[in-house]
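Worksheet for the structure shown next.
The values are calculated or read from the model by the stated rules, or taken from the named source; none is laboratory data. Just so we're clear, the structure is a prediction, and the values are computed from it rather than from any experiment. Don't worry about glycine lacking a Cβ; one is built from the backbone with ideal geometry, like all the others, and counts go over all protein chains shown. Protein only, heavy atoms only, side chains kept; ligands, DNA and RNA dropped before computing areas. Shrake-Rupley method; radii C 1.70, N 1.55, O 1.52, S 1.80 Å.
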Amino acid sequence: MSAKPLLSCQHLNAWYGAAQVVFDISLQIAPGEVVALTGSNGAGKSSTLKALMGLMPKRSGLMTFAGLDISNAQPYQAAQLGLGYVPEDRRIFTDLTVLENLQVGMQAQRQKDRAKTWTLDTVFSLFPALREMQHRASAHMSGGEQQMLSIARTLMGNPKLLLLDEPSEGVAPVVAELLAQAILTMKAQGVSVLLSEQNLAFTRLVCDRTYTLAKGQLV
Ligand SMILES: Nc1ncnc2c1ncn2[C@@H]1O[C@H](COP(=O)(O)OP(=O)(O)OP(=O)(O)O)[C@@H](O)[C@H]1O
Ligand SMILES: [Mg+2]
């Protein structure tokens, strides 16, 4: 990787209480790259993404994002700098409509200098199904629709890098294909992605490089 990294992490460790689950992970993502984090159940993929975002109860290590030290940043500060996070369980606000969920996502964009690539119009072009259902309550969406909404909501904050936790998990193959296409479109629009996946067919479709985890360590 020749370009200056967008995200760099060195010697990342993370714990749930007394239990360490992420061990000495160092990785880099260049601007424009789509990188996979693979590994089996419990390997530590989600914990690593959470640690990068500042969502683990305890972490250590040196992390920089867009040239700034985020080693001790709170999740909201990371979000404001342009780090987007799409959790494994999607965290849709089920009391809100699809449109209202997207409006919540806009709040992440506080920095004036950031690109305004993603608007309601462009996320609806990315996921036309969401335009159709924008005024519906999001409580009764399918897993695939929720995944699209969760990604779209995070995009509304115009992140520079998206941390995407198992996008293809529990969605129909046709939706997984649509999500893969969407990731390639985001990449073409300049969004970098670090995506956790167990589905290697999916990562082969979209990723430039792969890191593999076992028992919380890179292998
Ligand atoms: N909230 C939690 N409290 C305590 N331990 C946890 C918690 N969440 C996960 N763990 C443990 O941390 C380790 C790493 O789990 P993690 O969820 O990061 O793995 P993963 O690679 O994302 O797995 P999966 O593919 O099932 O999503 C596992 O041993 C898991 O049991
Ligand atoms: Mg996980």
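Antiparallel as a % of all DSSP beta bridges within the chain, to the nearest 5?
50 percent
Please go through the residue pairs K58/K116; K45/K116; K45/K160; K58/K187; K160/K215; K4/K215 and name each one whose alpha carbons sit more than 25 Å apart in this structure.
K58/K116; K45/K116; K58/K187; K160/K215; K4/K215
Could you tell me the distance between the Cα centroids of segment 175-219 and segment 59-84, to the nearest Å?
21 Å
Taking only Cα atoms of segment 123-219, what ratio of Rg to Rh do you get with Rh as the Kirkwood inverse-distance radius?
0.98
Roughly how tilted is helix 143-155, in degrees to the nearest 10 and between 0 and 90, from the longest Cα axis of the chain?
Approximately 70 degrees, to the nearest ten.
Run lengths n ≥ 4 of DSSP H only: what is the helix-derived mean residue ellipticity at 222 nm for the chain, with -39500 (n - 2.57) per run over all residues, to the nearest 500?
-9500 deg cm²/dmol
With every protein chain in place, what's the accessible area of D208 (1.4 Å probe, Å², nearest 10)?
In the full protein context, D208 sits at about 80 Å².
Measuring from label point to label point, each 7 Å out along Cα→Cβ, what is the M106 to Q77 span in nm?
2.7 nm
If I take R0 = 41 Å and measure r between the Cβ atoms of T119 and K58 in this structure, what FRET efficiency does the formula 1/(1 + (r/R0)^6) give, to the nearest 0.05?
After rounding to 0.05, the efficiency reads 0.65.
Between L195 and residues 5 or more places away or on another chain, which pairs have amide H atoms under 5 Å apart, with H built 1.01 Å from N, and which residues are they?
HN-HN under 5 Å from L195: V35, A36, L37, L164.
Could you give the accessible area per residue of the chain, probe 1.4 Å, as a whole number in Å²?
Here the per-residue accessible area is 46 Å².
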